[in-house]
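Where a number appears in this text, it was derived from the coordinates with a stated rule and is not lab data. Remember, it's a predicted structure, so these values are computed and weren't measured experimentally. For neighbour counting, all protein chains shown are included, and Cβ atoms are generated from backbone atoms with ideal geometry for every residue, glycine included.
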Amino acid sequence: MKLRFIRLGLVIAFMTTLHLSCSSPAASLLGALGGNAQLSGVSTLLKGVGGLKGLGIKGPFTLLAPSNNALSQLGGGSIENLLKPENKGMLTNIMKKHVLPGKFSPEQIAGGGMKDALGNALNLGGSKITQSIPTKGGMIQMIDKVLR
């Protein structure tokens, strides 16, 4: 009986450690995206351009990540169309609009004066940050609209 409790305690300790390590700020960007069911679409799009390396971006950075609900507002077939090889340039530009060089909080972003990875002034276009997720290389700021 004592052995069962010891085993149960070890299993609980292992699962707690695993959970904490996956949700810690040390998680990679793709790991953090993959661990959030609301961001699976942007994770797919980012993988479609070869990740941050495919965008030519080095950290730290802030990813303004549209939620799956935000991406669904684009209409049926939009994501599939962007993932076609012939549309990789367009997808790359769209993703760069969602990346800010540097690590920024929602308050800093709301303050304005930010430039995206294309060098253009950031325009949130009415989008709101709904969740902040720290990562090993910066921040993910979940947003409720796709930036145009």
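The phi torsions of the range 34-40, fed into the Karplus equation with coefficients 6.51, -1.76 and 1.60 and a -60° offset, translate into couplings of x, x, 10, 4, 7, 10, 5 Hz, rounded to whole numbers, with Gly and Pro shown as x.
Counting each pair of different Cα atoms once, what's the Kirkwood radius of the range 27-143 in Å, rounded to one decimal?
Details: mean 1/r = 0.0706 Å⁻¹.
After inverting the pairwise mean of 1/r, the radius is 14.2 Å.
Amide H to amide H distances under 5 Å link Thr135 with Ile140, where only residues 5 or more positions off or on other chains count and H is placed in the peptide plane. Whole-Hz Karplus values for the range 72-87 come out as 5, 6, 6, x, x, x, 5, 5, 4, 5, 5, 7, 5, x, 6, 10 Hz, taken residue by residue from phi with 6.51 cos²θ - 1.76 cosθ + 1.60 and θ = phi - 60°; glycine and proline positions read x.
Applied to the range 50-67, the Karplus parametrisation 6.51 cos²θ - 1.76 cosθ + 1.60 on θ = phi - 60° returns per-residue 3J(HN,Hα) values of x, x, 5, 5, x, 8, x, 10, 10, x, x, 8, 10, 9, 8, 9, x, 5 Hz, with x for Gly and Pro. Here the peptides 103-111, 36-44, 119-127 are ranked by packing, the mean other Cβ count within 10 Å, and the order with the highest first is 36-44, 103-111, 119-127. Close amide H contacts of Ala65 (hydrogens built in the peptide plane, cut-off under 5 Å, sequence separation of 5 or more or a different chain): Gln141, Met142, Ile143.
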